[in-house]
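No value in this document is a laboratory result; all are computed from the given coordinates. Everything numeric here is computed off the predicted structure, so don't read it as measured data. All Cβ positions, glycine included, derive from the backbone under ideal geometry; neighbour counts span all protein chains shown.
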Amino acid sequence: MERIRTTLVYVLLTLVTAVALFPIGYMLLIAGGEGERFAEGGQTLFPETAGEMPGNLASNLDTVMTDGTLDFRRYLRNTLLVAILAVSGTVVSSAMVAYAFARVRWSGSKPLFMLMLATMMVPFPVIMVPLFTMFRELGLIGTFGPLWVPAWFGNAFSIFLMRQFFMTIPRELDAAARIDGCGHFGIFRHIMLPLATPALLVVALLHFMFVWNDFVGPLIFLSHRDQFTLALGLQLFMSRLGTTPWHLLMSATTLMVGPALVLFLLTQRSFVEGISTSGTKG
């Protein structure tokens, strides 16, 4: 009976994995197709040239990257710049605020922590117009500033995640460090941060995925085509032609999905460890 149950679990997991991976596989399959196959009335669910997919995919990616009207190389650099600045700000600021909530005893910390968590319930459209007005008064509209400056003031979910991780670290380590003469900054720098590496990677990866795929933010705050990110470039690529070149569109989508997917595969062990050890105490 136990063997049957285990087999059913593995079969179910296999099916769920196949369903989850199907969109990525189908995207690569379409990206590796030939343009003629996707002429009006000629598209099929599975391209007949799947065996030639690697060569066609490389050719289609080269076509996208060397497009005369859209500079995808610039869009890629812009996205990387915004992602690096935003992720750095989120990791640094969220870790510091989370340490203050988890380890520093001060009046009003719990009510402020609950108030901070309540901000996660506010949808972005509610604060979209006030944010635009504020950044316009600061003269930052048309720059990358609105896309990464707020990250240096903390992120509610990242702070919550880091705070829960810090709560799992024994306080005896703090006491031992104070005996050796460490203050709060020394404890944070030499004890907390090294132990919190998995949680830091989780925060960095989650925020990187958000910034990398963000479409609304760049659409609102950026005004020049040279500043566009990959998400805006992809939308512009879709709308500039009367018909949709699916093989090139999926190639551009592969260019956008690829870095995030590779980053997750490289950090998946630490990602799973950080998720599994966060929120177990508090």
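Which is the longest run of the chain containing none of the GluC sites (Glu not before Pro) found in DSSP loop states (not H, G, I, E, B) with at most 13 other C-beta atoms within 10 Å?
Numbers: sites that count: Glu40, Glu48.
With GluC sites (Glu not before Pro) excluded where exposed in loops, the chain gives 49-282 as its longest stretch.
Using a simple spin-label model with points 7 Å from Cα along the Cα→Cβ vector, what separation in nm is obtained for Cys182 and Phe153?
Simple spin-label model gives 3.1 nm for this pair.
How do Asp174, Asp180 line up, fewest other C-beta atoms within 10 Å first?
Least to most surrounded, the residues fall as Asp180, Asp174.
Give the angle, between 0 and 90 degrees and rounded to the nearest 10, that separates the Cα long axis of helix 2-31 from the longest principal axis of the Cα atoms of the chain.
Roughly 60 degrees between the two axes.
Give the average over all directions of the projected area of the C-alpha convex hull of region 87-188, one decimal, in nm².
Numbers: hull surface 32.2 nm².
Averaging across all directions leaves 8.0 nm² for the Cα convex hull.
Could you work out, for the chain, what percent of all Cα-Cα pairs fall into each 10 Å distance bin, beginning at 0 Å and stopping at the bin that holds the largest distance?
Taking all Cα pairs of the chain, the binned fractions are 6, 21, 25, 23, 16, 7, 2, 0 percent.
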